[in-house]
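One structure is given below, encoded as structure tokens.
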Amino acid sequence: MSAPERIPPRGVTGPDGLLTVLAKGSLTVRGRVREASNAVLYCGIEHDGVSASCVYKPVAGERPLWDFPDGTLARREVAAYEISEATGWGLVPPTVLRDGPYGEGMCQLWIETAPEGPDAGLLALVEDEEPAEGWKAIAYAEVGEGRTALLVHADDPRLRRLAVLDAVINNADRKGGHLLPAPDGQLYGIDHGVTFNADDKLRTLLWGWAGEPLTAEAVEVLARLAAELAPGRPLATRMAELITAAELEALRGRVAALRETGRHPEPSGDWPAIPWPPV
Ligand SMILES: Nc1ncnc2c1ncn2[C@@H]1O[C@H](COP(=O)(O)OP(=O)(O)O)[C@@H](O)[C@H]1O
Ligand SMILES: [Mg+2]
């Protein structure tokens, strides 16, 4: 037998093959990601001679939060992957729920970022009053000594898709460090534990398109999502195992609201709209 093959994120085996590796492979914990707020374990995974790297976040290592029921973050991460796949945009790395050395948890393919690192070229703080061509304004930020700067993100179609996904999944924590550009040009979003709350909690950096009409592509995707989330459809059935009935109803409501307005949402005003620190 030849040596285990190292597979790229979107390798020859395709996302389905990777899902099998993630779901069935044998997991070896190699280290702990230190800057994480929950237990995030960097692991090797191997199945049928195919090996990959992944993160394993055991439910037992989830830090309790006041506004999300205990022990549900791993499931929300899988639910975010399900919705990302349903959009066809592939914005969330393959993610499964499975048992591991510290009990049930989520397992997600590890994405090697481009050498420039997370959010490279996607976010910036600038001195100007207006964003330059190719950039969108997020907010003014205090940068010390009474000076303010303008926080901007790139006017990038991949980010725009992610902004739509975040509105759909009600992402309460889209920071710069959760944007992973892969060397092949694909952009991935990670860390979807605080999503799908029944209350509006959208907190993100990607406000650059707030109030602007959705792209034709997004409108199409939302129509498809609405159909696939109808009661009894396979996606709805899978989602019902991951989030509560009330949260699934709220998800349908957000898709319907986006289709009705046809616009990117604007901050609601009763929840801090921007994660702090932003990276
Ligand atoms: N799928 C992944 N691919 C690459 N790096 C990851 C992945 N998931 C997590 N990481 C790294 O681990 C860090 C902590 O993970 P994160 O999901 O943000 O955990 P937490 O819920 O504790 O904030 C991330 O900031 C990132 O650097
Ligand atoms: Mg994080």
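Mind listing just one residue for me: the one in the range 59-78 that is within 25 Å of Gly31 (Cβ to Cβ) and without any contact (Cβ under 8 Å) to a residue 60 or more places away in the chain and, of those, surrounded by the most Cβ atoms within 10 Å (Cβ to Cβ)?
Only one residue fits best here, namely Val59.
Consider Glu104 carefully, then state whether it is among the charged types (D, E, K, R) and within 15 Å of ligand 1 (Cβ to nearest atom).
The answer is no for Glu104.
Does the range 33-61 hold any residues that are more than 10 Å from ligand 1 (Cβ to nearest atom), among the charged types (D, E, K, R) and at pLDDT 95 or above, and which are they?
Glu46
Quick one: which residue in Tyr102, Tyr81, Tyr56 is surrounded by fewer than 20 Cβ atoms within 10 Å (Cβ to Cβ) and of a type in the set (Ser, Thr, Tyr)?
Tyr102 is the lone residue from the list that is surrounded by fewer than 20 Cβ atoms within 10 Å (Cβ to Cβ) and of a type in the set (Ser, Thr, Tyr).
Say we look at the range 106-132 and pick out the residues that are assigned to a strand (DSSP E or B) and within 16 Å of ligand 2 (Cβ to nearest atom); which of these is surrounded by the fewest Cβ atoms within 10 Å (Cβ to Cβ)?
By that ranking, first place goes to Leu123.
Could we say that Asp70 is in a loop (DSSP other than H, G, I, E, B) and either basic (Lys, Arg) or within 24 Å of Glu247 (Cα to Cα) (or both) here?
So Asp70 passes the test.
Taking the condition more than 14 Å from ligand 1 (Cβ to nearest atom) and in a strand (DSSP E or B), does Leu202 pass?
no
Does Gly193 satisfy being of a type outside the set (D, E, K, R), farther than 23 Å from Ala139 by Cβ, touching a Leu at 6+ places or on another chain (Cβ under 6 Å) and surrounded by fewer than 17 Cβ atoms within 10 Å (Cβ to Cβ)?
no
Within the range 163-176, does at least one residue satisfy the condition of being outside any loop (DSSP other than H, G, I, E, B) and more than 22 Å from Glu220 (Cβ to Cβ)?
yes
Restricting to the range 105-130, and then to whatever is modelled with pLDDT of 95 or more and out of contact with any Leu (no Cβ under 7 Å at 6 or more places or on another chain), can you tell me which residue is nearest to Val33 (Cα to Cα)?
Ranking the qualifying residues of the range 105-130, first place goes to Trp110.
Just to be sure I understand, how many residues within the range 250-269 are closer than 20 Å to Ala172 by Cβ and either in contact (Cβ under 8 Å) with a residue 12 or more places away in the chain or of a type in the set (Lys, Arg) (or both)?
11
Which residue is surrounded by the most Cβ atoms within 10 Å (Cβ to Cβ), if the candidates are limited to the range 166-190 and must be among the hydrophobic types (A, V, I, L, M, F, W, C) and touching a strand residue (DSSP E or B) at 6+ places or on another chain (Cβ under 7 Å)?
Residue satisfying both the conditions and the ranking: Leu179.
When the range 229-249 is examined, which residues are found to be surrounded by fewer than 18 Cβ atoms within 10 Å (Cβ to Cβ) and either aromatic (Phe, Trp, Tyr) or within 29 Å of Asp70 (Cβ to Cβ) (or both)?
Listed by number, the residues that qualify are Pro231, Pro234, Leu235, Ala236, Thr237, Arg238, Ala240, Glu241, Thr244, Ala245, Ala246, Glu249.
The values are calculated or read from the model by the stated rules, or taken from the named source; none is laboratory data. These figures come from a predicted structure and were not determined experimentally. Note that we place each Cβ from the backbone using ideal geometry, even for glycine, and neighbour counts take in every protein chain shown.
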